[in-house]
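So the structure is just underneath, and the comments pick up after that.
The values are calculated or read from the model by the stated rules, or taken from the named source; none is laboratory data. Note that the structure is a prediction, hence the values are computed from the model and not measured. Cβ coordinates were reconstructed from backbone atoms using ideal geometry, including for glycine residues, and neighbour counts include every protein chain displayed. Each accessible area value is taken on the protein alone, full model and side chains, heavy atoms only, with ligands, DNA and RNA left out. Shrake-Rupley method; radii C 1.70, N 1.55, O 1.52, S 1.80 Å.
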Amino acid sequence: MDVLRITTSGSVDDGKSTLIGRLLYDTKSIPQDKMEALHAASKRKGLDFTDLSLLTDGLIAEREQGITIDVAHIYFSTPNRKYIIADTPGHFEYTRNMVTGSSTAQVSLILIDARKGIVDQTYRHYFIANLLRIKHLVVCVNKMDLVDYAQERFDEIVEDFKQLTAQAAFKEQEVKFIPASSLYGENVVTRSEKISWYDGPTLLDYPEQIDFSHEGDALPARLPVQYVIRPKSEAFHDFRGFAGKIASGSFKVGDEIVSLPSQHRSKIKSIEKFETQLNEAHARDSVVITLEDEIDSSRGNILVKAGEEPQALKEITANVCWMDQTKLVAGKTYLLQHGINRVKAKVQGIQHVIEVTTHRQQDDVKELGLNDIGKITLKVASPIFADPYIQNPANGSFILVDEFSNSTVAVGFVE
């Protein structure tokens, strides 16, 4: 079974945690002992119903305030596929959590309160989903029960949201609008008679229908080398394999490859996955590749197909989300981690900060503060082989690490 990653976002009290709890409850993914604990916790709060949001709001501060603070990962499955849901915070203060929780998502789910409509945080959530090039976007108009399931209100919110999509840089994003009530389970897993005017898929039906098989095969082939396998045993005396997880594209036996940064060339002799010999391997496959020639390649190098080599970048222009209390200023030095490679990088300059609610750029800025999103230029001590993020997200992102505290201070996307 394949695994589909979904990220959820929404403003405070839009019902994200309740929606996920309802999804788990209606798909019978909650163990009996956890249900009993949920009933008991709801009674302690003085509620006369089972508060499903407690399934994901695990921190004491979250339960006391009724908000999501940290990213919670929820796992469940259907007969068709497995799911990992990242329940990200909705408040502005936790934008960094929102970005990290969305970084590996294939589907973004944005919740909108039917009473409030689009709010400032909606702009931020949509901007992040668009910046991260998440191909499938679900806009769930939640709490339809509080507007008497009115189609007019749903249509009004849809039209308002379409004005946002008209400004988006990533036009290939597929947007699906779904009305729902997470509190009563209307249109979450099963269709709702109270929303009979809506004839589209339910919230679970939509991701069930999406086909993700080998969708990244058209991207350039990239295999960061994580380990060189040399058993040096009698059975495998001369074996030398390059182990790693294919970041993007696909490799076939017989393909001519280039090892970077050495530029040495060879052809793929075999592709092995555990004890299985493969003729072809695809993105997200963890494999061992052997080559026809003994070339010098080690951990931190990257294998690519001949003719698809990325540029060696010494200077990088990138969009970054700043995630540290200490502000970013030009001249500071950090460690840049790209895949499994880590090099020193110096901030050459800050070009602008993006106002995500209007998509406007604020030039002439001297610093980036916590949760700011902006464009910077970096100079690295040794070249990195990255693709522009819009062309190949799997090989176009990086993080910045403070070399003294070892804290991750930013996530970046190569332009």
Any hit, region 251-263, residues being at pLDDT 95 or above, surrounded by fewer than 12 Cβ atoms within 10 Å (Cβ to Cβ) and either of a type outside the set (S, T, N, Q) or touching an Asp or Glu at 6+ places or on another chain (Cβ under 7 Å) (or both): yes
Looking only at region 148-169, and only at residues there that are open to solvent by 30 Å² or more (accessible area, probe 1.4 Å) and in contact with a helix residue (DSSP H, G or I) (Cβ under 7 Å, 6 or more places away or on another chain), the one that is modelled with the lowest pLDDT: A169
Subset tally (residues that are open to solvent by 50 Å² or more (accessible area, probe 1.4 Å) and either closer than 29 Å to A312 by Cβ or over 22 Å from the mean Cα position of the chain (by Cα) (or both)) for region 344-381: 14
Out of D120, D155, D145, sole residue that is under 26 Å from the mean Cα position of the chain (by Cα) and either assigned by TED's automatic domain parsing to the domain that holds V356 or acidic (D, E) (or both): D120
Conditions (1) touching a strand residue (DSSP E or B) at 6+ places or on another chain (Cβ under 6 Å); (2) of a type in the set (S, T, Y); (3) not assigned by TED's automatic domain parsing to the domain that holds V107: number failed by S192: (3)
Segments classed as strands (runs of 3 or more DSSP E), wholly inside region 25-117, with at least 2 members that are modelled with pLDDT of 80 or more and open to solvent by 20 Å² or more (accessible area, probe 1.4 Å): 72-77, 82-87
Within region 330-343, considering residues that are touching a residue at least 24 places away in the same chain (Cβ under 8 Å) and among the small types (G, A, S), the one surrounded by the fewest Cβ atoms within 10 Å (Cβ to Cβ): A330
Boolean, V304 is hydrophobic (A, V, I, L, M, F, W, C), part of a strand (DSSP E or B) and modelled with pLDDT of 95 or more: yes
Among residues of region 279-289, those that are at pLDDT 95 or above, over 19 Å from E308 (Cα atoms) and crowded, with 16+ Cβ neighbours inside 10 Å, counted: 2
Residues located in region 123-152, provided they are β-branched (V, I, T) and under 23 Å from S192 (Cβ atoms): V138, V139, V141, V147
Failed criterion for L223 (all others in (1) touching a helix residue (DSSP H, G or I) at 6+ places or on another chain (Cβ under 7 Å); (2) surrounded by 15 or more Cβ atoms within 10 Å (Cβ to Cβ) hold): (1)
